[in-house]
Amino acid sequence: MSSTTPLDFTPRPKAAPVVRRVLAQAGLELRLLLRNGEQLLLTLVIPVLLLVGFSIVPILDAGTASRVDFLAPGVLALATMSTAFTGQAISTGFERRYGVLKRLGATPLTRLGLLAAKTLAVLVIQLLQAVLISTVAFLLGWSPQGGAVGVLSVVLLMVLATAAFSALALLMAGTLRAEATLAAANLVYVILLGLGGVVFPVDLFPPALLPFVEALPITALSTGLRTVLAEGAAMPLGPVLVLLAWSVVGAALAGRFFRWE
Amino acid sequence: MDTPAVEVTDLVKRYGTVTAVAGLSFTAARGAVTALLGPNGAGKTSTIEICEGFRHADAGRVRVLGLDPIRDAAALRPRVGVMPQSGGVPTGVRAGEWLRLLAAFYAHPLPPEALLDRLGLSAVARTPFRRLSGGQQQRLSLAAAIIGRPELVFLDEPTTGLDPQARMATWELIGELRTAGVGVVLTTHYMEEAERLADHVVIIDHGRVVADGPTAALTRGDRELRFRAAPGLDVSDLAAALPPGCSVTERDAGQYTVTCADPDEIGPGLVATVSTWCASRGLLPEDLRVHRRTLEDVFLELTGRDLRD
């Protein structure tokens, strides 16, 4: 069964440079994400369908602003959550279950390198999502506000949200069983899609619920993006603080409770 | 280079109230094959995972290439290859992709394509891990353990579940690693694997070492010649023809055994004597063979239990 290809097994151990290790792992993470149909449904297909569907069909009362101007920031927020939280929680949960995290931790990649690679892959996917969603939104007549300062605010909001969602994803994947993570991550996705100001304005909720809803990371992100992109505000301080708080608390909890196997 | 590859002293590992490893000590030399042999649940995997830095020891001292597997993990990672008992690979990753990824972690890796070819995995290089057969998954894990050209590899049951050809190929590969100077520590519950591969065998049962030594030393000792023929034969003239110090007995009906005080007497001459005696009687000796003590015999003698328990 084996041919006799000569191989030199003489020990010559040495780690590759850290950048090469992390890039190789990030490349693999990215290919696995792009090859996974369910992940693509979650990260690309559903956000685009929501954007197109709710823009075209007049079931949404978006006031005087055009519907797409209201929807695009919400869908961008949803896309960020789907990649950084839902997708990452599910894939990491199963990698933990199958001993992949443990195995990679025993290579020169190291655990820190693995986390860096995952973050990099998530950021690349989010860039792809942003480009695709913006393109579709522009085709639907989107006219975002904010200018150059707005772009900076959007990037800041997205990065903070990615940190918060990733920390929460790892907290879930590193503590629950893989199947429980799968179920919980999907449930959280659906609940936050409904509550988080993604396609429905949050002021539809009873005033008593509003502080709770506005404290959710998805609401902070969608409201923050909307304040910048639809209303032209410079830097929405409230949402930035909410996302910062989730990032710090999430990272602290994940760091404390995450189990590699 | 004078420290051993692995040095384990009085290792203890408990899981709740269960003691998996109960004061275990052994040494594995560099550039040699050391087999941890024992039945399932003996504590082999716990021991090897502590050596790999995956688990903390509850007591005892473990040194791998002279270093602490947990404290010095960063220094050890490039030098040590690891093959877990199962899993460790994302289900959707392709065989070739996984090896290329691991190769990218090392400065001087083996060429992934050649290694795939060597392990008979070229045809499935583009197949996702979850669709590989159990044996193919095992071989991919083995390839991943050695791709970085480590000086020491830990293989946890490298051939469990392999078909005979794949097992033979894995044995050959382990032999080549040894020849190239790679230290190998493997666990197995196949005594023939330990006998065939290992320079040194550590037999483990209930978390303790029950025997430890060079493979040849463990299995040396009384050889004997056995054959089957009709029951109840008069063997007195055969006994007379045997060299001094040798005797023949019928242990079970029709099962004859020749033993000698000096095991070196069990040689070609003795086989000829027995054959000649059978021929003179018109008997065909069935299953005529020189039986050597196996690790299974050693294990049975030491524990009174079967290795496959």
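Here B:VAL271 fits the description: outside the structural domain of B:ALA198 (by the TED database), more than 30 Å from B:ILE203 (Cα to Cα) and surrounded by 14 or more Cβ atoms within 10 Å (Cβ to Cβ).
This table checks each residue for (1) modelled with pLDDT of 95 or more; (2) farther than 27 Å from B:VAL89 by Cβ; (3) not in a helix (DSSP H, G or I).
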{"residue": "B:GLY135", "(1), (2), (3)": "no, no, no"}
{"residue": "B:LEU155", "(1), (2), (3)": "yes, no, yes"}
{"residue": "B:GLU172", "(1), (2), (3)": "no, no, no"}
{"residue": "B:LEU177", "(1), (2), (3)": "yes, no, no"}
{"residue": "B:VAL185", "(1), (2), (3)": "yes, no, yes"}
{"residue": "B:ILE204", "(1), (2), (3)": "no, yes, yes"}
{"residue": "B:VAL210", "(1), (2), (3)": "no, yes, yes"}
{"residue": "B:LEU218", "(1), (2), (3)": "no, yes, no"}
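Has the stretch B:99-110 got any residue that is crowded, with 22+ Cβ neighbours inside 10 Å, more than 10 Å from every other protein chain (Cβ to nearest Cβ) and on the phi < 0 side of the Ramachandran plot? Within the stretch B:99-110, one or more residues are crowded, with 22+ Cβ neighbours inside 10 Å, more than 10 Å from every other protein chain (Cβ to nearest Cβ) and on the phi < 0 side of the Ramachandran plot.
Condition check ((1) in contact with a Pro (Cβ under 9 Å, 6 or more places away or on another chain); (2) touching a residue at least 60 places away in the same chain (Cβ under 8 Å); (3) away from chain B (no Cβ under 14 Å); (4) among the hydrophobic types (A, V, I, L, M, F, W, C)) across all residues:
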site: A:ALA16; (1), (2), (3), (4): yes, yes, no, yes
site: A:VAL52; (1), (2), (3), (4): no, yes, yes, yes
site: A:LEU71; (1), (2), (3), (4): no, yes, yes, yes
site: A:PHE85; (1), (2), (3), (4): yes, yes, yes, yes
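Check the stretch B:61-79 and report whether any residue there is within 14 Å of another protein chain (Cβ to nearest Cβ), farther than 29 Å from B:LEU295 by Cα and touching a residue at least 60 places away in the same chain (Cβ under 8 Å). Walk me through how you get there before you give the answer.
First, pick out the residues of the stretch B:61-79 that are within 14 Å of another protein chain (Cβ to nearest Cβ): B:64-65, B:67, B:69-70, B:72-79.
So of that shortlist, the ones also farther than 29 Å from B:LEU295 by Cα come out as B:67, B:69-70, B:72-79.
Now drop any that are not touching a residue at least 60 places away in the same chain (Cβ under 8 Å), which leaves B:78-79.
There is at least one residue in the stretch B:61-79 that is within 14 Å of another protein chain (Cβ to nearest Cβ), farther than 29 Å from B:LEU295 by Cα and touching a residue at least 60 places away in the same chain (Cβ under 8 Å).
Checking each residue in the stretch B:98-133 for being hydroxyl-bearing (Ser, Thr, Tyr) and either under 27 Å from the mean Cα position of the chain (by Cα) or not in a loop (DSSP other than H, G, I, E, B) (or both) picks out B:TYR106, B:SER122, B:SER133.
Against the numbered list (1) of a type outside the set (Lys, Arg); (2) at the interface with chain A (Cβ under 10 Å from one of its Cβ atoms); (3) within 22 Å of A:ARG21 (Cα to Cα), B:SER122 comes up short only at (3).
The residue of the stretch B:22-41 that is nearest to the chain's Cα centre (by Cα), among those that are closer than 16 Å to B:THR160 by Cα and not in a strand (DSSP E or B), is B:GLY38. Please work out which residue is farthest from the other protein chains (Cβ to nearest Cβ), limiting yourself to the stretch B:180-196 and to residues that are more than 17 Å from A:THR10 (Cα to Cα) and crowded, with 24+ Cβ neighbours inside 10 Å. Of everything passing the filter in the stretch B:180-196, B:ALA194 is farthest from the other protein chains (Cβ to nearest Cβ). The set of residues in the stretch A:104-144 that are among the polar types (S, T, N, Q), in a helix (DSSP H, G or I) and within 14 Å of chain B (Cβ to nearest Cβ) contains only A:THR110. Is the stretch A:151-160 home to any residue that is under 21 Å from A:GLY255 (Cβ atoms), buried (at least 23 other Cβ atoms within 10 Å of the Cβ) and in contact with a helix residue (DSSP H, G or I) (Cβ under 9 Å, 6 or more places away or on another chain)? Among the residues of the stretch A:151-160, at least one is under 21 Å from A:GLY255 (Cβ atoms), buried (at least 23 other Cβ atoms within 10 Å of the Cβ) and in contact with a helix residue (DSSP H, G or I) (Cβ under 9 Å, 6 or more places away or on another chain), which makes the answer yes.
The values are calculated or read from the model by the stated rules, or taken from the named source; none is laboratory data. This one's a predicted model, so the numbers in the text were calculated from it and none came from an experiment. Heads up, the Cβs are rebuilt from the backbone with ideal geometry, glycines too, and the neighbour counts pull from every protein chain shown.
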